[in-house]
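Note sheet for the following structure.
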Amino acid sequence: MAEIGKDIAKARSLLQQGELVAIPTETVYGLAANALDAASVTKIFEAKNRPYFDPLIIHVPDIYSVKKFTEEIPQKALRLMEHFWPGPLTFLLDKKNIIPDLVTAGLDRVGIRCPDHPLTTELLKSLSFPLAAPSANPFGYVSPTTPAHVNDQLGNRISYILDGGECRVGVESTIMGFENDQTIIYRVGGLSIERIESVIGQVLVKTNSVSNPQAPGQLQSHYAPRKPAELGDIQNLIDELSHRSVGLLTFQKTYSSSSIKKQIALSQSGNLEEAAQRLFSALRELDKSDVDVILLEEVPDIGLGRAINDRLRRAAAKS
Ligand code: TXA
Ligand code: MG
């Protein structure tokens, strides 16, 4: 198992030696390495069993760092950075040559964001390179929101987890970019579309190009528990599956039936921020329990609800 601690100097020194360190962010834990060193970045793909065609996001301490790694920054991007960084918003921007092709899977654009977590900000400020970091989970599985989640699955593949407590937002960053004159959302995430549109006006959401995934976070089956999961009307599903032992993940309500072995309501008060924050922990808890099937219920499709529903659909998608 990996060591879990708050020692920034230790994390820094491991990263400088080309090793992997799990880092806290406001969204989910990341599995970090020196983004400018291809040999270090290779270790990320190996530890996660991640296909090399799936590019990585780089993490920077501030807006000023962006121009070191990307060509021109569009005006709209700059305005959004000023509004929402540090925060759960990633931009796809044309990369400079200093970023290894391995990081972007050979694409011209690099994903870049400034995470909002005091330990990771301090770490990034102390380093002379940005950190490439995907979510710290095996490829395709539910993202981690606590150090224990990381340790459960990757603890034997990394030596250190920087402990920043439980992630505040709980779903991954929103990913956006620019094509011709259009602003495109490629992944709905921790910053709502409504908030983005309040600053730059209308955007186009393009998260379901399954035949040609621009971002494999768009793959239908992703963020998925190991147990079978069904998404739909909970009462109907309970009736249909009355012979199985089921676990429920609901928004606010609780249900009663002898077939229910475990149930988690994400937010009894109906708060979407709270629901997002608890989502991945709840999925993991149900996955670990001894139920046969996990039943999932959609939440209102507004604000962070869109990111939650996106993860629920992918958790239930058949691979
Ligand atoms: O909140 C987050 O974004 C977390 C924390 C750790 O920062 N990171 C994260 O990374 O979710 P990851 O690798 O699990 O998801 C990033 C998604 C992937 O689906 C990847 O394919 C896509 O972003 N992506 C990254 N760079 C890209 C690029 N240059 N072009 C297209 N898609 C890209
Ligand atoms: Mg991921």
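Here is how the numbers come out for the structure above:
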item: Using alpha-carbon coordinates, inclination of helix 38-48 to the longest axis of the chain, degrees; result: 10 degrees
item: Size descriptor, Kirkwood hydrodynamic radius, that averages inverse alpha-carbon separations across the chain, Å; result: 19.9 Å
item: Charge dipole (debye, nearest 20) of the range 3-171; +1 at Cβ of Lys and Arg, -1 at Cβ of Asp and Glu; result: 180 debye
item: Among 12, 278, 113, residue whose mean-square fluctuation peaks in a GNM of the chain (springs only between Cα atoms under 10 Å); result: 12
item: Rounded tilt (10° steps) of 75-84 against the dominant C-alpha axis of the chain; result: 60 degrees
item: Packing-based exposure ordering (other Cβ within 10 Å, fewest first) of 289, 173; result: 289, 173
item: Under DSSP loop assignment and at most 13 Cβ neighbours within 10 Å, longest chymotrypsin sites (Phe, Trp or Tyr not before Pro)-free interval of the chain; result: 54-319
item: Separation in nanometres of the label points that stand 7 Å from Cα toward Cβ, at residue 39 and residue 68; result: 2.1 nm
item: Degrees separating the helix 272-288 axis from the principal Cα axis of the chain, which is the longest one; result: 70 degrees
item: GluC sites (Glu not before Pro) within the range 115-177: DSSP coil, no more than 16 neighbouring Cβ in 10 Å; result: 166
item: Relative contact order, percent, the chain [alpha-carbon distance under 8 Å, six or more residues apart]; result: 19 percent
item: Pairs of Cα atoms farther than 17 Å apart, the range 17-138, %; result: 51 percent
item: Members of 68/206; 262/318; 125/206; 10/206 lying beyond 32 Å, as alpha-carbon distances in this model show; result: 125/206; 10/206
item: Helical mean residue ellipticity (222 nm; -39500 (n - 2.57) per DSSP H run of 4+; nearest 500) of the chain; result: -9000 deg cm²/dmol
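No value in this document is a laboratory result; all are computed from the given coordinates. Since the structure is predicted, the reported quantities are computational estimates derived from the model, not experimental observations. For neighbour counting, all protein chains shown are included, and Cβ atoms are generated from backbone atoms with ideal geometry for every residue, glycine included.
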